[in-house]
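Below is one structure, written out as structure tokens; comments come after it.
Every read-out reported here was derived from the displayed coordinates using simple, explicitly stated rules and does not represent laboratory data. Being a predicted model, the structure only gives us computed values, none of them experimental. Note that we place each Cβ from the backbone using ideal geometry, even for glycine, and neighbour counts take in every protein chain shown.
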Amino acid sequence: MQTILIIDDSRVNQHMLRLVLRRNGYQTLIANNGQEGLDVLAEANVHIVICDINMPVMDGFEFLKTIRANEAHAHIPVLMLTALGEDGTSEKSIELGANGCITQPFESHVLSNTVRALILMDEETE
């Protein structure tokens with residue numbers, strides 16, 4: 001069973017993401033900001049990270065830069081979440097090494113299909 005780390009400071013977003021992912025057979029872990037996400041990565045075997053951009057302590061961009069610079073975690077696919085109307089955030093996310101972006105609010109089938117594609121991509125690179 002693949003494990004997906006959700007990094008988001010919104011409890012509502014955490015719940016919605018977890019609900020969709022668990023319904024699709026994934027195990028989920030939760031972190032409230034990028035620093036907590038790094039702590040989880042140090043302890044758990046994570047297959048994909050879904051990360052919000054705007055968070056306290058360490059935002060999504062800083063988290064992305066940090067794991068892409070860490071050899072142990074650089075290979076993990078990262079899907080960034082961006083709020084509707086945040087111009088340029090998707091492009092910046094891709095420039096920093098994200099594997100994709102989803103605009104919030106998201107539709108569950110879009111999230112499911114994107115996660116499935118990231119898992120297939122990750123399996124091909126192993």
Item to check | Matching entry among Thr3, Thr89 (being within 17 Å of Gln104 (Cβ to Cβ) and either touching a His at 6+ places or on another chain (Cβ under 9 Å) or in contact (Cβ under 8 Å) with a residue 12 or more places away in the chain (or both)) | outcome: Thr89
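Those residues that are in contact with a helix residue (DSSP H, G or I) (Cβ under 8 Å, 6 or more places away or on another chain) and of a type outside the set (Lys, Arg), I need them from the range 84-95; list them, please.
Hit for the range 84-95 is Ser93, nothing else.
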Checklist entry - Just checking, which of Leu81, Leu41 is under 20 Å from Met121 (Cβ atoms) and either more than 12 Å from the chain's Cα centre (by Cα) or not in a strand (DSSP E or B) (or both)? => result Leu41
Next on the checklist: Based on this model, can you work out whether Ala98 counts as in contact with a helix residue (DSSP H, G or I) (Cβ under 9 Å, 6 or more places away or on another chain), more than 17 Å from Ile7 (Cα to Cα), among the aliphatic types (A, V, I, L, M) and part of a loop (DSSP other than H, G, I, E, B)?
Outcome noted: no
